[in-house]
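S.K.: Below is the structure I would like to discuss, written out as structure tokens.
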Amino acid sequence: MGTTKTLWKAAAFAAALALAPLPAASSGAGGASAARIASAVTAHDGAPFLAGVDMRLAPGWKTYWKNPGDSGIAPVFDWSASENLAGIDLAWPAPRRFDDPGDVTFGYADEVVWPLRVVPADPALPVALRLALAYGVCSASICVPRTADLALTVPPAAPGAAAAPSADLPRLAAALARLPQPLDDPAALTVRWREAEAPVLEIAYTGCPRPCAAPPLIVDGPDGVWFGVPEVRRAGDTLHYSVEVGALSTATLAGERLGFILGGGEDARIGWWTP
């Protein structure tokens, strides 16, 4: 059990290793996408282990984040057909913002790996991961809804044996490195509602003094709530973002935990605020 925990913690250090190639397990929109489930271990020892939903996209195509923006299609992950699964937690890599005339969306181009924390129910039995995935892919001229049925079985390790890393560990470790990391100084980000107006968030960020270029800001909020494209201005060493919120009133988000993602890729940082 301790070995699996070590693999999970050490995954980030393996990111420097060569990435494993991705064989196509399913394709859509004329080969625009290919997806599979990958595991960081060849056999589990009953402890939580690292896995991932691994998708490659053809040049010129993109897929979407959980908040897809104005016109995207958010992916839906259905694990209900899985077996010997006590729990599964999916993490979201920081998305890119795609700006098109009259249309702003959030998602991924080229490739994306959604890391998974998989918890077996019975350490003596295989974990059968079965995913019904619904998602969308878009090019410059067309958007296509897609579905894929993906599966992977991770057998139990031999009695007394520890879990062993798989060839996919480096790629999954690299995916962990692309998750938004907490701000070095949480106090660098302050958030409030703009007074006496329809719901608009005012965000001040002091973590990017001159001559730092203002990082893009994306708001991570509850499903069904629209967040506009931030306007940004600089006052000295403080960046001020304002974001329109598609809510009837500020009370709509009372008690919700909002995330504020600054930057993208492996440099993304996140701060949190609860109205």
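The values are calculated or read from the model by the stated rules, or taken from the named source; none is laboratory data. Keep in mind the model is a prediction, meaning the values are calculated, not measured. Neighbour counts run over all protein chains shown; Cβ positions are idealised from the backbone, glycine included. Side chains are part of the model used for accessible areas, which takes the heavy atoms of the whole protein and leaves out ligands, DNA and RNA. Shrake-Rupley method; radii C 1.70, N 1.55, O 1.52, S 1.80 Å.
S.K.: Quick one: ranking Asp70, Asp45, Asp267, Asp184 by accessible area, 1.4 Å probe, largest first, what do you get?
M.R.: Numbers: Asp70 80, Asp45 30, Asp267 120, Asp184 145 Å².
Sorted descending by solvent-accessible area, the residues read Asp184, Asp267, Asp70, Asp45.
S.K.: Per-residue counts of other Cβ atoms within 10 Å, averaged by peptide: what ranking do you get for 216-227, 80-91, 147-158, highest first? Intermediate values should be presented prior to the final figure.
M.R.: Numbers: 216-227: 17.5, 80-91: 14.0, 147-158: 15.8.
Per-residue Cβ counts within 10 Å, averaged per peptide and sorted highest first, yield 216-227, 147-158, 80-91.
S.K.: If you take the charge dipole of the chain about its Cα centre, with +1 on Lys and Arg Cβ and -1 on Asp and Glu Cβ, which of Pro95, Cys208, Pro126 is farthest toward its positive end?
M.R.: My answer, from the dipole projection, is Pro126.
S.K.: Next question, about the same structure. Would you mind working out the magnitude of the charge dipole of segment 28-122 relative to its Cα centre, with +1 at each Lys and Arg C-beta and -1 at each Asp and Glu C-beta, to the nearest 20 Debye? It would help to have the intermediate numbers written out before the result.
M.R.: Details: 7 positive and 12 negative charges, 31 e Å.
With only Lys, Arg, Asp and Glu charged at Cβ, the dipole is about 140 debye.
S.K.: Using a Gaussian network model of the chain with C-alpha springs under 10 Å, which one of Ala213, Ala162, Ala175 is most mobile by mean-square fluctuation?
M.R.: Ala213
S.K.: Can I ask one more? Taking the Cα centre of the chain as origin, sum charge times position over the Cβ atoms of Lys and Arg (+1) and Asp and Glu (-1), and report the length of that vector in debye to the nearest 20. Before the final figure, lay out each step's value.
M.R.: Numbers: 20 positive and 27 negative charges, 92 e Å.
My answer is approximately 440 debye.
S.K.: Just add up the charged neighbours of Arg130: K/R +1, D/E -1, any other residue whose Cβ is under 14 Å from the Cβ of Arg130.
M.R.: Numbers: positive: Arg36; negative: Asp78, Glu83, Asp149.
That works out to -2.
S.K.: Follow-up question, since we're still on this one. Keeping the other protein chains in place, figure out the carbon and sulfur percent of the accessible area of the chain, with a 1.4 Å probe. Before the final figure, lay out each step's value.
M.R.: Details: 7180 of 13010 Å².
C and S atoms contribute 55 percent here.
S.K.: Now a separate question. Which residues' amide hydrogens lie under 5 Å from the amide hydrogen of Ala164, considering only partners 5 or more residues apart or on another chain, with H built in the peptide plane?
M.R.: Counting only residues 5 or more places away or on other chains, the set is Thr42, Ala43.
S.K.: Here's another thing I want to ask about it. For the chain, with a Gaussian network of springs between Cα atoms less than 10 Å apart, report the residue from Ala254, Ala32, Ala167 with the top mean-square fluctuation.
M.R.: Ala254
S.K.: Which whole-Hz ³J(HN,Hα) couplings does segment 264-275 yield from phi under the Karplus relation 6.51 cos²θ - 1.76 cosθ + 1.60, θ = phi - 60°, glycine and proline marked x?
M.R.: Residue by residue, segment 264-275 yields x, x, 7, 9, 6, 10, 9, x, 10, 8, 10, x Hz.
S.K.: Next up: Of the residues Gly263, Gly246, Gly160, which exhibits the maximal mean-square fluctuation in a Gaussian network model of the chain defined by a 10 Å Cα contact cut-off?
M.R.: The residue with the greatest mean-square fluctuation here is Gly160.
S.K.: At 222 nm, what helix-only mean residue ellipticity would the chain give, in deg cm²/dmol to the nearest 500, using -39500 (n - 2.57) for each DSSP H run of four or more? Don't skip to the end; give the middle numbers.
M.R.: Numbers: 2 runs with 18 residues, N = 275.
Result for the chain: -2000 deg cm²/dmol, rounded to the nearest 500.
S.K.: Once you keep just the Cα pairs under 8 angstrom separated by 6 or more residues, what percentage relative contact order results for the chain?
M.R.: Working: 659 pairs, mean separation 54.6, N = 275.
For the chain, the relative contact order is 20 percent.
S.K.: First check a/c for segment 47-166, with a ≥ b ≥ c the square roots of the eigenvalues of its C-alpha gyration tensor; if it is under 1.5, answer rounded, and if not, answer prolate when a/b is larger than b/c or oblate otherwise.
M.R.: Working: a/c = 2.90, a/b = 2.58, b/c = 1.12.
The shape class here is prolate.
S.K.: From the Cα gyration tensor of segment 181-275, with a ≥ b ≥ c the square roots of its eigenvalues, which class applies: rounded if a/c is under 1.5, or else prolate if a/b is larger than b/c, or else oblate? Display every interim value, and only then the final one.
M.R.: On the way: a/c = 1.91, a/b = 1.48, b/c = 1.29.
In terms of gyration-tensor shape, prolate.
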